[in-house]
Amino acid sequence: MKVLKDWFLIGMVLAVLLAWWWPEPGAQGGALHPELLNKLGVALIFLLHGLTLSFQALKAGTLRFKLHLVVQLSTFVMFPILGLGLVALSAGRVDPALVTGVFFLCALPSTVSSSVALTAAARGNVPAAVFNATLSSLLGVALTPLWLAFVLGAQGKGLPVGKVVLDLCLWLLLPLFVGQLLRPWFGAFATRHKSRISYIDRGTILLLVYTSFCDSMVAGVWAGRGLVPLLYAGGVAVGLLALVLAATAQISRALGFPMEDRIVAIFCGSKKTLASGVPMARLIFGADPGLSLILLPLMIYHPLQLVVGGWLAGRWAARPTGDAR
């Protein structure tokens, strides 16, 4: 399966190992100056997203209102409610940074690239997938920090929502908007070289993963923890994905969606973005030494959703034309 051979997944492991072996350059005050480099990296990622995002494809998917509602409620209501349950069950039993990471995963928007790619591979409604994935990314700029502020506030921790949203607008939405403005001049070039641009995009994300783990390594956050965080985060990822896949499938079937729209509901409603999640974590949590624990559930959920999504896409792509199962 292609997703199992994805160099990006291998790159994430290597970035973490490099941070373990040589954390000093990527830690605060290090040679890479992560306090500036991270923000510039975030801006570059979303500038490239703006260049490659087709407004016509986005416009074509706007009319399926019930489908959009299912996807967005799954992303920003169902997931966070499940996250609140996990926070309540884990409080006092699991490291607070890891618990925050679980809820951060639940509060994130959906993916863009993998949701659309898997929908296309499964012969689903691609314009609707493009619309929902893009809408989710835009809504996440406000809804993700608002959900986090609610949960962290209940735990007695503050989150400066105004500053966080302003930072997200400055370093995420503004570059995305600039990329869209540049499309008349560079859009065709970006489309022709989309695969090469993805290397820059993913390489920048790997750099952010590396710097995110460096501070934790320098502070000794992982000392003496063993496999417990991995087992906990892995169990949560499997449970969340299974629950949301089942729920979105049943809801879309109950609402009478055609198979093409059910594929969109299942893929877009169950995905969580690593491409936006890592930059958002860097902006929201800054130099928090527990950042690597906060990111761990997302880093496990990401490859898991690709493997399961790839299997489902292959299964649905093989269905006979007109099959509504």
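Every number in this text was worked out from the coordinates using simple rules, so none of it is lab data. Because the structure is a prediction, the values reported are computed rather than measured. Note that each Cβ is placed from the backbone with ideal geometry, even for glycine, and that neighbours are counted across all protein chains shown.
As a length-normalised measure over Cα pairs under 8 Å and 6 or more apart, the relative contact order of the chain settles at 34 percent.
For segment 1-102, the set of trypsin sites (Lys or Arg not before Pro) satisfying both a DSSP loop assignment and a count of at most 12 other C-beta atoms within 10 Å is given as ARG93. Toward the positive end of the charge dipole of the chain, with +1 on the Cβ of Lys and Arg and -1 on the Cβ of Asp and Glu, the farthest Cα among ALA43, ALA318, PHE103 is that of ALA318.
Sort THR248, THR211 so the one with the fewest other Cβ atoms within 10 Å of its own Cβ comes first.
Ranked by crowding around the Cβ, least crowded first: THR248, THR211.
Ordering THR248, MET78, TRP20 by the projection of their Cα atoms onto the charge dipole of segment 2-316, which places +1 on the Cβ of Lys and Arg and -1 on the Cβ of Asp and Glu, puts THR248 at the extreme positive end.
Once the chain from VAL77 to HIS193 is taken as fully extended at 0.36 nm per residue, the excess over their C-alpha distance is 38.1 nm. Each Lys and Arg adds +1 at its Cβ and each Asp and Glu adds -1 at its Cβ; summed about the Cα centre, the chain shows a dipole of about 940 debye. With all projection directions averaged, the alpha carbon convex hull of segment 2-316 covers 15.5 nm².
Close lysine pairs were tallied over segment 2-316: pairs 8 or more places apart or on different chains with Cα atoms under 21 Å apart number 10. Quick check: Cα centre of segment 258-317 to Cα centre of segment 156-234, how many Å? Here the two parts' Cα centres lie 13 Å apart. Computed from backbone phi, the HN-Hα couplings of segment 73-81 come to 5, 4, 5, 10, 10, 4, 4, x, 5 Hz, rounded to whole numbers (Karplus: 6.51 cos²θ - 1.76 cosθ + 1.60, θ = phi - 60°; Gly and Pro given as x).
In this simple spin-label model, placing a label point 7 Å from the Cα along the Cα-to-Cβ direction at both GLN28 and LEU173 gives a separation of 2.8 nm. Please give the helix 259-270 orientation as an angle from the longest Cα principal axis of the chain, in degrees from 0 to 90, rounded to the nearest 10. That helix lies at roughly 10 degrees to the long axis. Restricting the trypsin sites (Lys or Arg not before Pro) of segment 153-250 to loop positions (DSSP other than H, G, I, E, B) with no more than 13 neighbouring Cβ atoms within 10 Å leaves LYS157, ARG225. Along segment 237-253 the Karplus relation, 6.51 cos²θ - 1.76 cosθ + 1.60 evaluated at θ = phi - 60°, assigns HN-Hα couplings of 4, 4, x, 4, 5, 4, 5, 6, 4, 5, 5, 5, 5, 5, 5, 5, 5 Hz to successive residues, with x for each Gly and Pro. Distance between the modelled labels on PHE65 and ILE200, one decimal in nanometres: 4.0 nm (7 Å Cα→Cβ projection). Put +1 on the Cβ of every Lys and Arg and -1 on every Asp and Glu Cβ in the chain; which of LEU176, GLY11, LEU135 then has its Cα farthest towards the positive end of the dipole? The one lying farthest along the dipole's positive direction is LEU135. Relative to the current alpha-carbon distance between TRP7 and GLU35, full extension at 0.36 nm per residue lengthens the span by 7.4 nm.
Here the simple spin-label model places points 7 Å from the Cα toward Cβ, and for ALA318 and LEU243 these points are separated by 3.1 nm.
Given Cβ point charges of +1 (Lys, Arg) and -1 (Asp, Glu) and nothing else, what value in debye, to the nearest 20, does the dipole of segment 215-325 about its Cα centre take?
The calculation lands at about 260 debye.
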